[in-house]
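The values are calculated or read from the model by the stated rules, or taken from the named source; none is laboratory data. As the structure is a computational prediction, the values presented were derived from the model and not from experiment. Note that each Cβ is placed from the backbone with ideal geometry, even for glycine, and that neighbours are counted across all protein chains shown. Heads up: the accessible areas ignore ligands, DNA and RNA and are worked out on the full protein's heavy atoms, side chains in. Shrake-Rupley method; radii C 1.70, N 1.55, O 1.52, S 1.80 Å.
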2 protein chains.
Amino acid sequence: MSQKATIHDVAHHARVSVSSVSRALNNYPHVSEALKTRVVEAAEELDYQPAFLAHSLRRGETNSIGFLVGSIANPVISTIYEAAAEALATNGYAVTLVSSRNQADLDIACLRLLASRQVSGLIVSSASESPEPSRRFIQETNIPTALLDREPVDGERVFAVQSDHESSVRKAVLHLVENGHRNIGFIGGPQGFYPTQQRFRAYQEALAEAGIPPRSELARFASFTETDAFAEALLLMRNRPQPSALIVAGNIILIGALQALQDRQLTVGRDIALVACDDIHLTQLYRPPVTVIRRDLNLLGKTAARLLLQGIANNGNRTDRVIKLPTQLVIRESSDYLCDELFTRG
Amino acid sequence: MSQKATIHDVAHHARVSVSSVSRALNNYPHVSEALKTRVVEAAEELDYQPAFLAHSLRRGETNSIGFLVGSIANPVISTIYEAAAEALATNGYAVTLVSSRNQADLDIACLRLLASRQVSGLIVSSASESPEPSRRFIQETNIPTALLDREPVDGERVFAVQSDHESSVRKAVLHLVENGHRNIGFIGGPQGFYPTQQRFRAYQEALAEAGIPPRSELARFASFTETDAFAEALLLMRNRPQPSALIVAGNIILIGALQALQDRQLTVGRDIALVACDDIHLTQLYRPPVTVIRRDLNLLGKTAARLLLQGIANNGNRTDRVIKLPTQLVIRESSDYLCDELFTRG
DNA sequence: TGGAAATCTGAAAACGATTTCCGAAACTTT
DNA sequence: AAAGTTTCGGAAATCGTTTTCAGATTTCCA
């Protein structure tokens, strides 16, 4: 039905030439009002919609952008996606979403797929552990790209939106130290994952700043699965001395950590202080509510979309290449108490 | 770079004709091994990938399917999506994801967008409140479509994957009644939403079956926002007599309900029994763990993908039109106790 | 009123593949 | 050696648009 009407049908129906139809419908100059109205009437009558494929082929523009994620089932990512997609949609772009299922080796294949689909732009939020091949790929194919929480890539049209993880992790560590904790554990995502690196570095530096010697057995790294995070958390909590506080970097990690703490019968906010990254429903509804490092996911997505669209529009003009968005430490009951050791020692 | 190599370049590089390249690369009969290897070598050397747009235009097939959701930030939906997308990807399909942001009026526009992109198939999981226009649209454009948890649509190539909400809601009601509850509240999603209708009907029928007269003020319906669910839950809990048990239909509703219960200082599993739909991380980690009606979201997504792919392949052959997947009542501490009223009255 | 300029319009060439048709080789078979 | 079969090249049509080019018409001004 609606598929059938072509520009030729419209032209025939309006008794004008094909090119006139194109001009009239695309608001070209030098087209009379009479012809224009005749054409749009015919077009409406036939419910004509330009065929996307032919249109894009000729224009060399698909008006669609590719979105690569590690997993859309991650609520943080899906929230970012939703925000970005809305901004893109209002600008006439459709987005094809590809998930690498957190498998680093699939990463590059996904990018290839997207590139072969001739997307006009790319948003990459995948958490590849060894990002080098995909970085090179992005650099070589000159597709405008917005990187989410990744190390910036050199390139005329490559942008990055980051979150200031460091400052809030630092605040979190100092907050815990202030409350008397000295054995502060850290569980991060994969070590090659950029936010993990930033958070871990901030964790180490803040410890040093507080005069606490870092102990490697207090830091662990898990893949992006709850079971793995659970296992690592369990391992960490078996450590002697047992950490009295825990910083978990990521919501999936948080899930696994909470399972482990419940498994070990440790009560959050009494036996152990907890700080998580990203404020999701769980952190607010959990009893006690858990202290989080919050960031505006909506803003993150919107900013990525904005940067990308700018990059597509001014091909190669001067714009900000990398934007760092603020984060915020929200202290809740899970960490807002004084550590026992403060008294036993003191 | 990779964009540049066309089929002509490959033909020239392999010193063969354009048509031979096409034949060789598409595994046509009557092409010698020698020529074939020569062509694929040249293709690899030039990193040739057939231009998606030209290819699709000629073949009349985009090898991409459109996925319409109400909101991908909903963890249930994103899990279903992830499963479906994986199945589709392994079959060579890319998926463009569109969110209607739970706005019924955007629904039809999203479908139009997808159709204008000439997708080969459609998966619809949007929660439109007045689905009639979109139903008609799906029927008219003859695009193979898989409906997720929606009322089936008549059509040669329209399929539906549903969940057996009724039987588990019935079990849940009887379970609560057995534990002595007589004032059982119900909070559902929008009234036009198919799963809501099914769950609500099962709730009413089960009450009748247990000899409990239904009371309309115990059932409330919220839109797909936590704030609205929160408000409805508050209203419900102000009811006299206060319900001693609550069935919340949907994970967003659950969030709002939990907020309301905490706001009213009601302890789940003691002051009020709680049954939720869909087993998400929150329901498992909440203290006490909350009783849920569980379903295999992965299977749901995979089944939708399978049905759709079959529908695309055997254009119009006989296959199952609608599949109903089982659900399961998982009783946890939030509801696994005897109601006080049992004693005060008895 | 004549001619330059502005405005309209249609035919045809792209875009990059697939596909068809035909004919020329090369090879096999009888 | 004639006939038949396979393999491949070349040219051209097709998919449905946009865009260029040039011709046709009108408008404008001296």
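Numerical summary
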{"item": "Residue satisfying all of: in region B:84-102; within 14 Å of the chain's Cα centre (by Cα) and among the aliphatic types (A, V, I, L, M); nearest to the other protein chains (Cβ to nearest Cβ) among these", "result": "B:97"}
{"item": "Test: residue in region B:65-73 that is exposed (fewer than 15 other Cβ atoms within 10 Å of the Cβ) and small (Gly, Ala, Ser)", "result": "no"}
{"item": "Region A:35-66, subset among the β-branched types (Val, Ile, Thr) and under 34 Å from the mean Cα position of the chain (by Cα), residue farthest from DNA strand D (Cβ to nearest atom)", "result": "A:65"}
{"item": "Residue, nearest to DNA strand C (Cβ to nearest atom), within region A:9-53, restricted to residues that are facing chain B (nearest Cβ under 10 Å) and open to solvent by less than 40 Å² (accessible area, probe 1.4 Å)", "result": "A:53"}
{"item": "Pairs with Cβ under 8 Å, 6+ apart, first in region B:136-150 and without any contact (Cβ under 8 Å) to a residue 24 or more places away in the chain, second of a type in the set (Asp, Glu) and surrounded by fewer than 18 Cβ atoms within 10 Å (Cβ to Cβ)", "result": "B:139/B:154; B:142/B:156"}
{"item": "Residue, least open to solvent (accessible area, probe 1.4 Å), within region B:256-274, restricted to residues that are within 12 Å of chain A (Cβ to nearest Cβ) and β-branched (Val, Ile, Thr)", "result": "B:268"}
{"item": "Elements of type strands (runs of 3 or more DSSP E) contained in region A:145-246, each with 3 or more residues being under 19 Å from residue A:125 (Cα atoms)", "result": "A:145-148, A:158-163"}
{"item": "Matching residues, region A:132-144, being among the polar types (S, T, N, Q) and part of a helix (DSSP H, G or I)", "result": "A:134, A:139"}
{"item": "Subset of region B:294-309 (residues that are hydrophobic (A, V, I, L, M, F, W, C) and open to solvent by 10 Å² or more (accessible area, probe 1.4 Å))", "result": "B:297, B:299, B:309"}
{"item": "Residues that are among the hydroxyl-bearing types (Ser, Thr, Tyr), assigned to a helix (DSSP H, G or I) and near DNA strand D (Cβ under 8 Å from one of its atoms), drawn from region A:8-34", "result": "A:19, A:22"}
{"item": "Candidates A:83, A:73, A:5, A:115 - the one that is touching a residue at least 12 places away in the same chain (Cβ under 8 Å), of a type in the set (A, V, I, L, M, F, W, C) and assigned to a loop (DSSP other than H, G, I, E, B)", "result": "A:5"}
